[in-house]
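Engineer: Below is one structure. I have some questions about it.
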Amino acid sequence: MSRVPLQTLIDRSVRNMGAVVPQIRSLAITLITKSYDEGINVQISSGYRSNTQQASIYGMGRPNYWWNGKLYGNEGSIVSNAKPGQSVHNYGLAIDYFLVSDDGLKAIWVVDAQWRRVAQIGKSLGFTWGGDWKGFVDAPHLEYTKGLTWRDLQAGKRPSFGSVQAASERDYLENGAEGAAVEEMQKLLIALGHKITADGIFGPASESALKAFQSSRKLTADGVYGPQSKKALQAAVKPPAVPGATAPNKNDSKEETILFKPNSPTFRKETVKLFEDAHTVGIFSSREHAEQTEKGDISESDAIGAIATIINRVGILQDPNAEPYPAHKEATEWVKEKGISDGTRPTFPATRQQVNQMLYNYDKQK
């Protein structure tokens with residue numbers, strides 16, 4: 001049986017700590033790392049608590065406890081003597097810990113030699129241990145106050161951390177992560193056609209979608225959303241914007257400006273197809289644009305042509321009296337000869353009545 005990885009303990013703990021003071025996060029990671037080096041698997045169970053969360057905790061064992069007009073009391077044993085605003089947790093300066101089995105699957109709450117060793121490491125880092133308190137002993141609790149009381153903290157005072165540096169946020173996301181960054185990643189994957197929900201929760205579906213994307217870009221398909229995957233995903237969904245530019249002068253001998261180079265093979269393939277379609281319907285007279293795109297360059301005229309193709313595809317600027325594209329000319333003449341349409345119908349968008357009339361006209365010719 002392999003030992004639970006250190007990074008797993010750190011990741012779980014960072015998640016559980018929430019919005020603690022950055023230096024507390026750094027000290028907690030140091031605590032976990034030092035303990036791990038001594039063969040002790042420790043994990044943080046909680047860190048920052050809002051006043052509402054504190055009310056719920058204080059209400060345990062106090063069935064008639066009300067706060068801010070709401071009943072927070074519950075049956076059971078009393079677990080805290082701190083009301084909302086009276087706990088160091090409310091200021092992001094406290095953490096609670098527990099031990100973990102070697103495989104990382106079982107929580108251990110026995111206060112033994114290993115537990116006390118973690119407390120010693122914590123105290124060497126500047127924490128006060130709740131296990132040393134008289135009266136109400138709180139063995140999982142470590143707080144960093146440097147002598148300040150909750151009243152001092154409530155008044156705005158904060159302890160000095162000396163040379164303790166704030167822990168840098170990790171620059172990747174993985175299964176289990178939550179938040180706005182996850183939601184942004186999900187929206188980008190959805191934009192590429194992946195069937196997931198942008199709920200801000202990095203679950204199995206998001207992991208599978210990310211792995212599929214990574215494979216398509218020949219990245220390591222590990223399901224971890226790091227800097228490389230993020231850059232590739234953003235590039236695939238949001239290619240560089242085309243600057244505002246006028247159509248080039250045909251008599252201008254200067255080489256056209258290259259507007260952007262699509263690095264994504266999928267994006268390039270779709271762009272080539274777009275230009276091929278434009279050539280087929282007669283917008284472009286040759287495959288030159290598609291050939292240039294296959295090389296990786298898109299010029300001003302290419303971009304303008306692409307826009308024209310899209311517009312004509314959806315019929316936004318369709319003129320019913322305009323000459324048909326070469327590829328459609330024979331069909332247009334046929335419907336006119338058969339009396340099915342005068343060549344101007346259906347318009348865009350086609351109405352039910354127009355389609356019905358054309359079918360009726362066709363049936364009459366049989």
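Engineer: Kindly put E183, E75 in sequence by how many other C-beta atoms sit within 10 Å of each C-beta, fewest to most.
Structural biologist: Fewest to most other Cβ atoms nearby, the residues stand as E75, E183.
Engineer: My understanding is that a pair violates if its Cα-Cα distance is over 18 Å; which of K195/K231; K34/K157; K34/K134; K187/K230; K34/K106 do that in this structure?
Structural biologist: K195/K231; K34/K157; K34/K134; K34/K106
Engineer: If a/c stays under 1.5 just call it rounded; otherwise compare a/b with b/c (prolate if a/b is bigger, oblate if not). Do that for region 1-88, with a ≥ b ≥ c from the square roots of the Cα gyration tensor eigenvalues.
Structural biologist: It comes out prolate by the Cα gyration axes.
Engineer: Related question: Expressed in nm to one decimal, what extension gain is obtained for the pair W133 and N64 from 0.36 nm per residue of sequence separation less their Cα-Cα distance?
Structural biologist: 22.1 nm
Engineer: Can you order the peptides 204-216, 329-341, 110-122 by their average number of other Cβ atoms within 10 Å per residue, highest first?
Structural biologist: For the peptides 204-216, 329-341, 110-122, the packing ranking is 204-216, 110-122, 329-341.
Engineer: If you place +1 on the Cβ of every Lys and Arg, -1 on the Cβ of every Asp and Glu, and leave all else neutral, what size is the dipole of region 180-237 about its Cα centre, to the nearest 20 Debye?
Structural biologist: Dipole size: approximately 280 debye.
Engineer: Kindly rank 133-141, 91-99, 34-42 from highest to lowest mean number of other beta carbons found within 10 Å of each residue. Walk me through the numbers on the way to the answer.
Structural biologist: Details: 133-141: 13.9, 91-99: 23.0, 34-42: 17.0.
Order by mean packing, descending: 91-99, 34-42, 133-141.
Every number in this text was worked out from the coordinates using simple rules, so none of it is lab data. For clarity, every value in this text was computed on a predicted model and none was experimentally measured. Cβ sites come from the backbone with ideal geometry, for glycine too, and all protein chains shown count toward neighbours.
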